[in-house]
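The values are calculated or read from the model by the stated rules, or taken from the named source; none is laboratory data. Just so it is clear, the model here is predicted, and its values are computed rather than measured. Please note: Cβ atoms are built from the backbone with ideal geometry, for glycine as well, and neighbour counts cover all protein chains shown. What goes into the accessible areas is simple: the full protein's heavy atoms, side chains included, and nothing from ligands, DNA or RNA. Shrake-Rupley method; radii C 1.70, N 1.55, O 1.52, S 1.80 Å.
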Amino acid sequence: MTTIHPLRQAIRTSHDHRRTTWWSAVLMTAMLAGPGGAAAACGPCSPCKGKCGATQQCKAKCNPCSGKNPCSGKNPCAAKNPCATKNPCATKSCNSCAATGQCAAKPNPCAAKRVTRPAGYQPYEGNPCALVATGEKLFNDTSLSSNGLSCSSCHNDGAGYKATFADAYPHSVAMAQNIFGMESVHMDEMVQVCMVQPMADEPLPWDSEELAALTAYMLKVQEQWQ
């Protein structure tokens, strides 16, 4: 029996180990790559499926859900919002201060009764100067409306009055005629029309100080137009 020198035996053992390791690496690469090469290792049918944390390559390319997110860039509600582009006040024709006042609820056939002087009407009586002062405050009071408007929202610095505003009341006013069918109105009735239509609220009590004050103030403002 031939005796192999210990040094030679160590070299041969090391060589055999390296060769075995090399063949194992080649075999593993072939198994993972298959016919499609290394990129196929991250395909949905590869050994990598469900094990995308195995290698950096899988981490980058082996997400079976990538590109399949049904919500990606497709908000199912984006085009189906019933309020989108359907705001009844969005168009210029729907100015709540306009004579037609389309933003407010359409009046029913009996609506004119709400803003017409009742039978036996007796307005509130008080100091004329005090009523004018109170009326000026109420003219700028948004709490009188249900939509955040005040009288001054439509009539700030004399805006919104037509030439007929200078005529003695009762006279014809477009808003009262177009919406309530009233051929002519008294000043207190016009105040009530504005309360119901642009300001979208209830008319003031006919015997209230508030109605008398706003009427007195508006008659004072009217003097500047005469």
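Quick look at the numbers
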read-out	value
Every residue from segment 117-138 that is outside any helix (DSSP H, G or I) and open to solvent by 50 Å² or more (accessible area, probe 1.4 Å)	Arg117, Pro118, Ala119, Gly120, Gln122, Pro123, Tyr124, Glu125, Asn127
Subset of segment 135-152 (residues that are of a type in the set (Ser, Thr, Tyr) and farther than 20 Å from Ala212 by Cα)	Ser146
Filter result for Ala176 (touching a residue at least 24 places away in the same chain (Cβ under 8 Å), farther than 14 Å from Cys97 by Cα and of a type outside the set (S, T, N, Q))	no
Segment 139-173 - residue that is open to solvent by 40 Å² or more (accessible area, probe 1.4 Å) and either among the β-branched types (Val, Ile, Thr) or touching a Lys or Arg at 6+ places or on another chain (Cβ under 7 Å) (or both) and, of those, modelled with the highest pLDDT	Thr142
Per-region count, segment 205-220, residues buried (at least 22 other Cβ atoms within 10 Å of the Cβ) and in a loop (DSSP other than H, G, I, E, B)	0
Search result, residues across segment 158-175 that are within 33 Å of the chain's Cα centre (by Cα), outside any loop (DSSP other than H, G, I, E, B) and within 18 Å of Ala216 (Cα to Cα)	Gly158
Candidates Glu223, Glu183, Glu189, Glu202 - the one that is closer than 24 Å to Cys129 by Cβ and either under 33 Å from the mean Cα position of the chain (by Cα) or surrounded by fewer than 21 Cβ atoms within 10 Å (Cβ to Cβ) (or both)	Glu223
